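Enquirer: First the structure, then my questions, so here it is.
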Amino acid sequence: MQIREGPRRAPPSAAGALRSPMSAMMLAMFATMASFYVAGRLWQDAQNRVYLIKELDRRTGQGQSAISVDDTLKVVACRQQGKLLTSLEMELAVAKHEGFMGKYTYETNGTNSRKRPLIVIGIMTSFGRKNYRDAVRKSWLPTGSMLQKLEEEKGIVVRFVVGRSVNRGDTSDREVDDENRSTKDFMILDDHTESEEESPKKTKSFFANAAELFDAEFYAKVNDDIYINVDTLSAMLKTHWDKPRVYIGCMKSGEVFSESTHKWYEPDWWKFGDGKSYFRHASGEMFVISRAIAQFISINRSVLRTYAHDDVSVGSWLIGLAVKHVNEAKLCCSSWPSGALCSAL
């Protein structure tokens, strides 16, 4: 009797030998495909980074800081003003060559002509100082029709400058509005809240608003306890007519006080160096700037930084510009120099 044997099976060792080459091949193919995938992703990421860098450069001016639409408009406006100033300087040079005399000029617009004011004087005042304003009106500032005559015949525009109360429409605001209806000699700054510590911002707001309201040759800031000889002022300004960017005042410097209890404390005292001394600037009692500078302040009001005092603040705006600083002794109001055009109360 024979025993039928089933089909022979390869020993386990032989089956493993047959599967090993196939497994190695699959593993190699998988590793190769993974390598290509990783390399492709790295290349794609690199390409994306290159694209983003190029796009950022294109949008921000090849690596320069991005600016807002408002900043761009300001740059355009400044360039336009620069072109206008260059044109005016050329016209002024021609006029001087032809014997031009310092007298405020007529502007012609079609069939209409008007006089450009010689100067706009802003008298800084505040709530509760009506007695000071009345003293000015009784001394050197005419009222009523005579105020209009001063503007028309001498080109001198004078306004008391005041902001608004922190509580809009309160008694302080109403008193100023009532006084202005009677005298018509105020410039009320609706964009400024009246307070002693905000006087630098008030001075900035005055120059900005005055440059927009009046196209004058000069603009002056004066305290409400200063008395002015307007005829002497006119004569002095005519000697500076040929300077398109001029800053006129009783130039001074002085100590920067870092003690918070001091009357003239400067919170940013550390910015003025180890010597703790201010740069040269015009005394805040009275100083004059030309039309180009007033327009510069008007255009850049939002980015001009103020310090604790308005005279230092204005001086800081101009120290880095191509501005002619004129130390005019006639504007040293407190010391009463010979030929002074102003005096302090």
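The values are calculated or read from the model by the stated rules, or taken from the named source; none is laboratory data. Quantities reported herein were computed from a predicted structural model and do not represent experimental measurements. Every residue, glycine among them, receives a Cβ derived from its backbone with ideal geometry; neighbour counts consider all protein chains shown. Note: accessible area is taken over every heavy atom of the protein model, side chains too, but ligands, DNA and RNA are not part of it. Shrake-Rupley method; radii C 1.70, N 1.55, O 1.52, S 1.80 Å.
Enquirer: Dipole of the range 249-327 (Lys/Arg Cβ +1, Asp/Glu Cβ -1, origin at the Cα centre): which of G249, W317, S298 lies farthest to the positive side?
Expert: S298
Enquirer: Taking the range 234-345 on its own, what percent of its Cα-Cα pair distances exceed 20 Å?
Expert: Cα-Cα pairs of the range 234-345 separated by over 20 Å account for 46 percent.
Enquirer: Which percent, nearest 5, of DSSP beta bridges in the range 227-333 are antiparallel? Provide the component values of the computation, followed by the final result.
Expert: Values: 7 of 12 bridges.
The answer is about 60 percent antiparallel.
Enquirer: Sorted by accessible area (1.4 Å probe), largest first, how do T261, T193 line up?
Expert: Ranking T261, T193 by accessible area, largest first, yields T261, T193.
Enquirer: Scan around R129 for amide H atoms under 5 Å from its own, H built in the peptide plane at 1.01 Å from N, and keep only partners 5 or more places away or cross-chain.
Expert: none
Enquirer: Counting Lys and Arg as +1 and Asp and Glu as -1, what is the net charge of the other residues whose Cβ lies under 15 Å from the Cβ of A135?
Expert: Net charge in that neighbourhood comes out at 0.
Enquirer: Taking amide H positions as placed 1.01 Å from N in the peptide plane, with prolines and chain starts having none, which residues 5 or more places from F257, or on another chain, fall under 5 Å of its amide H?
Expert: So F257 has HN proximity to E266.
Enquirer: ³J(HN,Hα) across the range 316-332 via Karplus (A = 6.51, B = -1.76, C = 1.60, θ = phi - 60°), whole Hz, x for Gly/Pro?
Expert: Per residue, the Karplus-derived 3J(HN,Hα) values read 5, 5, 9, 5, x, 9, 7, 10, 7, 8, 10, 7, 9, 5, 5, 9, 7 Hz.
Enquirer: Would you kindly find the accessible area of M29, with a 1.4 Å probe and non-protein molecules such as ligands, DNA and RNA excluded, rounding to the nearest 10 Å²?
Expert: Rounded to the nearest 10, the figure is 100 Å².
Enquirer: In terms of solvent-accessible area of protein heavy atoms at a 1.4 angstrom probe, what is the ranking of T239, T232, highest value first?
Expert: Sorted by accessible area, descending: T239, T232.
Enquirer: Something else about it: Kindly report the accessible area of the range 115-261 per residue (heavy atoms of protein chains, probe 1.4 Å, no ligands, DNA or RNA), in Å².
Expert: 44 Å²
Enquirer: Of the lysine pairs in the range 207-294, how many meet both conditions: Cα atoms under 27 Å apart, and a spacing of 8 or more in sequence or different chains?
Expert: Value for the range 207-294: 13.
Enquirer: Starting from the amide H of N229, placed 1.01 Å from N in the peptide plane, find each other amide H under 5 Å away whose residue is 5 or more places distant or on another chain.
Expert: C342
Enquirer: While we're on this one: Can you bin the range 145-217 into rounded, prolate or oblate? Criterion: square roots of the alpha carbon gyration tensor eigenvalues sorted a ≥ b ≥ c, rounded for a/c under 1.5, prolate for a/b above b/c, oblate for the rest.
Expert: It is oblate, given that a/c is not under 1.5 and a/b is not larger than b/c.
Enquirer: Please report the accessible area of Y227 (heavy atoms, 1.4 Å probe, ligands and nucleic acids excluded) in Å², nearest 10.
Expert: Accessible surface of Y227 is approximately 50 Å².
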